[in-house]
Structure formats: structure tokens, C-alpha cells
Amino acid sequence: MPATLWHNPRCSKSRETLALLQEHGVEPVIVEYLKVPPTAAELDRVLKLLGLEPRALMRKGEDEYAGVPVEGSRAELIAYMVEHPKLIERPVFINGKKAAVGRPPEAVLAIL
């Protein structure tokens, strides 16, 4: 499975992470997750690779966060994130059976 970057080209951290990966010779498959959101199964798999629960990968400052189910199950929260991909923290780098959030961008270097 090729290395993949869930990327938002409008985000400076996402652009910095991509540049850093490229500087290290990595050309990940770019997935503009706002245009092509992950499936619930993909998001669940990546959350497990990250060792995070759904809320920990949510951007709490987004307007859509107000609609997050307060007592939602893991599956409900993942479904909400798929429906509202703007909530997904960015960038996320997936390299085989490892994943890292590029905040700071250097965090992705640990899984090269």
C-alpha cells in the first residue's frame, strides 16, 4: 500500500508536511479529503493506527463541531466525520501500518 497523505492544499501545515515528506524522498498519494472523504471503514482504520478515538481527531474550532453527537458511539462519531470531513484534523500521513498527524509537520518523520 503506497504512502498516503490526507491533504488540504489551503492549509499551511498540510503544505509544510507535504514539502517535508518530499524533501525526504517520499511522494505520497495525495487525497484531498475535503473533496473525497474517507469511508467510515478507512477512517476507523486510520484512527486505530493513530491510537485515537474519533473526538481526538476532530477540529473543535469548526462550525460543524457544534453538531457532533454529545453521547455518540464511535460508529456515530465516525459517520459524522465522514459526512463533515472538514472536522478531520489535517494532515494525516499513512505509511503502511502506521499513521501520524502532521502537527507539527515533523511528526510524520517518525513513521518513515
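The values are calculated or read from the model by the stated rules, or taken from the named source; none is laboratory data. Just so it is clear, the model here is predicted, and its values are computed rather than measured. Cβ: placed from backbone, ideal geometry, glycine included. Neighbour counts: every protein chain shown.
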(Q) Considering only residues that are under 12 Å from the mean Cα position of the chain (by Cα) and under 15 Å from HIS84 (Cα atoms), which ones fall in region 12-35? (A) GLU32, TYR33, LEU34
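Here's the yes/no breakdown for (1) free of Cβ contacts under 8 Å to residues at least 60 places away in the same chain; (2) touching a strand residue (DSSP E or B) at 6+ places or on another chain (Cβ under 6 Å); (3) not in a helix (DSSP H, G or I):
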{"residue": "TRP6", "(1), (2), (3)": "no, yes, yes"}
{"residue": "GLU16", "(1), (2), (3)": "no, no, no"}
{"residue": "GLY25", "(1), (2), (3)": "yes, no, yes"}
{"residue": "LYS35", "(1), (2), (3)": "yes, no, yes"}
{"residue": "GLU42", "(1), (2), (3)": "yes, no, no"}
{"residue": "ARG55", "(1), (2), (3)": "yes, no, no"}
Q: Out of ARG10, ARG59, report the one residue that is basic (Lys, Arg), surrounded by fewer than 11 Cβ atoms within 10 Å (Cβ to Cβ) and within 20 Å of ARG103 (Cβ to Cβ).
A: ARG10
Q) In region 63-85, how many residues are in a loop (DSSP other than H, G, I, E, B) and over 16 Å from the mean Cα position of the chain (by Cα)? A) 6
Q) Has region 66-77 got at least one residue that is of a type in the set (Asp, Glu) and in contact with a helix residue (DSSP H, G or I) (Cβ under 8 Å, 6 or more places away or on another chain)? A) no
Q | Selected residue (only one of LYS48, LYS60 is at pLDDT 95 or above and in a loop (DSSP other than H, G, I, E, B)) | A | LYS60
Q. Is it true that MET81 is farther than 18 Å from ALA3 by Cβ, of a type outside the set (Ser, Thr, Tyr) and touching a strand residue (DSSP E or B) at 6+ places or on another chain (Cβ under 7 Å)?
A. yes
Q: Would you point out the residue of region 76-112, among those that are of a type in the set (Asp, Glu) and either touching a Pro at 6+ places or on another chain (Cβ under 7 Å) or under 15 Å from SER14 (Cα atoms) (or both), that is surrounded by the most Cβ atoms within 10 Å (Cβ to Cβ)?
A: GLU89
